[in-house]
Amino acid sequence: MGGYTPGRAVRFYVPLLLQAFSQSLTYPLVGAIASRGSYGVDELTAFTQGQIVMFFIGAVGGGLVTTGMVFARSRLGYAAFKALNVWMMLALVAVQLACAIGPLGEWVFETLFNLPAHLAGIARGTLIFGAVMQAGFFIRNVPLVALFNARASTEANYATFIRIIFTFACSITFPILGMVGWAWALTALTSGVLLELLLTWLFARKYVRQIPHGAGACVRRQFSFMIPISLGSALLAFSPVIIAFFVGRSANATDMLGVHYVTLGIANPVSYAALRMQPVAIQFPPEYPGDRRLLKFAIAAGLLLGLVPFAFSLPGLGDWYYGKCQNIPPHMLGTAMLMSGIYTFIEVLHAVRGRIEGIAAWRKRPRAIMAGQIAYFTTLTISAGLLLVCGAPGWVIAIGAIYAAPIATIAAVYLTLGRPKPTPGTPSVDD
């Protein structure tokens, strides 16, 4: 399929970028449905915190797509990957339901998240009925891997675009029809995911038939490769819980949590798009010692992506989105727009991080990726804790920790990965 050229990298990355951006964009869209429920922006906060727990549990399988891109390139490898994906789905959906029911659910949302009982009930309901959406995400892994391995990221993007259009339509029509609150927001999200799943399967069928026969790694081997990556992803997904823990104990905690979540609704989709540099690095690994071409590509992509949160910091667009669409109280509107502007340069860090993590996956060094995620989690926790002790406002705690964490991740992956042994046919990375 050819080595790296800027044109090939752009053609592969842009669909991934748009897919990640549009997928994550569905969450702030349905936020407009949830925030118009009985409890206003507090209902959105509870709904979001239920999703945070769901995504944390799902992130335990977060290394599945990367595993499939490495191992599911033959019939036997693909079959083993499908089996691994099913077992992970069944186990984690069961864990999700267990975390929403009984004393454990009360502890998670009323003690850890410090939610009052009526909002904790919303968060628990989100977790219970979100099990369908969680299963949809896992099933989608299989056709996504087939599409990515064939460099058919554009087809995957078509399915996601249809999902975003569907969700956007729901965000407009549901409030008009009086269908507001967390339950309707979750309905819109889940329906979009199932529609995307169906379309992704249809697009991937011809590429699945083209997978060549041959030997492949067994389920146990793929599981061993996936676990360090997935544990790292789980630590990363737990980071919003950590931030919520500290921000929820700062001054004006309810306002601070609300503005934190709505600004992340813009910053996170762009950050996920930047992190899609990981599959780009797997498809276009270094071709010679000191090959930094993709590093320059990642920096340029991050700078361009940073223009998105910057745009929402400007009068007009920021006032419209944060004030009218997300129902942020007027006294917090300026803070939301300031936070959006500060998030401008975080995308460069995430793009550079995605590139070095992709190289680690290509070299089959998942422990290097896990070391980076542990550094992310540790730095996030320490930074947030120190800022809280120093009396920083909640929004400063969130931004300070979110900036410090990816810097630590990049450093940890580089240091753990080191330089490869000079084996024939394996390019070295002298970065």
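Take the conditions open to solvent by 40 Å² or more (accessible area, probe 1.4 Å), over 20 Å from the mean Cα position of the chain (by Cα), aliphatic (A, V, I, L, M) and within 18 Å of residue 82 (Cβ to Cβ) and apply them to residue 198. Does it pass?
Values: open to solvent by 40 Å² or more (accessible area, probe 1.4 Å): yes; over 20 Å from the mean Cα position of the chain (by Cα): yes; aliphatic (A, V, I, L, M): yes; within 18 Å of residue 82 (Cβ to Cβ): yes.
Yes: the conditions hold for residue 198.
Find all pairs meeting these conditions: Cβ atoms under 7 angstrom apart; at least six residues apart or on different chains; first residue within segment 304-322 and in contact (Cβ under 8 Å) with a residue 60 or more places away in the chain; second residue charged (D, E, K, R) and surrounded by 20 or more Cβ atoms within 10 Å (Cβ to Cβ).
These pairs meet every condition: 305/347.
Give me a count of the residues in segment 324-375 that are assigned to a helix (DSSP H, G or I) and either aliphatic (A, V, I, L, M) or surrounded by 24 or more Cβ atoms within 10 Å (Cβ to Cβ) (or both). Step through it out loud before you land on a result.
Here is the first cut: in segment 324-375, the residues assigned to a helix (DSSP H, G or I) are 324-325, 330-362, 366-375.
Now narrow it down to the ones that are either aliphatic (A, V, I, L, M) or surrounded by 24 or more Cβ atoms within 10 Å (Cβ to Cβ) (or both): 332-333, 336-340, 342-343, 346-361, 366, 368-375.
Looking only at that region, the number is 34.
Can you name every residue in segment 250-304 that is open to solvent by less than 50 Å² (accessible area, probe 1.4 Å) and in a loop (DSSP other than H, G, I, E, B)?
250, 276, 284, 285, 286, 290, 291
Name the helices (runs of 4 or more DSSP H) wholly inside segment 76-177 in which the number of residues that are among the acidic types (Asp, Glu) is 1 or more. Step through it out loud before you land on a result.
Values: elements: 102-106, 117-129, 131-149, 153-176.
So the answer is 102-106, 153-176.
Please pick out the residue among 59, 79, 72 that is open to solvent by 10 Å² or more (accessible area, probe 1.4 Å), within 19 Å of residue 200 (Cα to Cα) and of a type in the set (Gly, Ala, Ser). So that I can check it myself, show each step before the final result.
Numbers: 59 fails: within 19 Å of residue 200 (Cα to Cα); 72 fails: open to solvent by 10 Å² or more (accessible area, probe 1.4 Å).
Of the residues listed, the single one that is open to solvent by 10 Å² or more (accessible area, probe 1.4 Å), within 19 Å of residue 200 (Cα to Cα) and of a type in the set (Gly, Ala, Ser) is 79.
Only one residue in 351, 253, 336, 298 is modelled with pLDDT of 85 or more and closer than 24 Å to residue 51 by Cα, so which one is that? Walk me through it before giving the result.
Numbers: 351 fails: closer than 24 Å to residue 51 by Cα; 253 fails: modelled with pLDDT of 85 or more; 298 fails: closer than 24 Å to residue 51 by Cα.
From the options 351, 253, 336, 298, the qualifying one is 336.
Collect the residues in segment 93-143 that are within 18 Å of residue 186 (Cβ to Cβ), open to solvent by less than 40 Å² (accessible area, probe 1.4 Å) and aliphatic (A, V, I, L, M), keeping them in residue-number order.
Within segment 93-143, 93, 100, 108, 115, 119, 120, 122, 123, 127, 131, 133, 135 qualify.
The values are calculated or read from the model by the stated rules, or taken from the named source; none is laboratory data. Quick caveat, the model's predicted, so the values are computed rather than measured. All Cβ positions, glycine included, derive from the backbone under ideal geometry; neighbour counts span all protein chains shown. Keep in mind that these areas ignore ligands, DNA and RNA; they rest on the heavy atoms of the full protein, side chains included. Shrake-Rupley method; radii C 1.70, N 1.55, O 1.52, S 1.80 Å.
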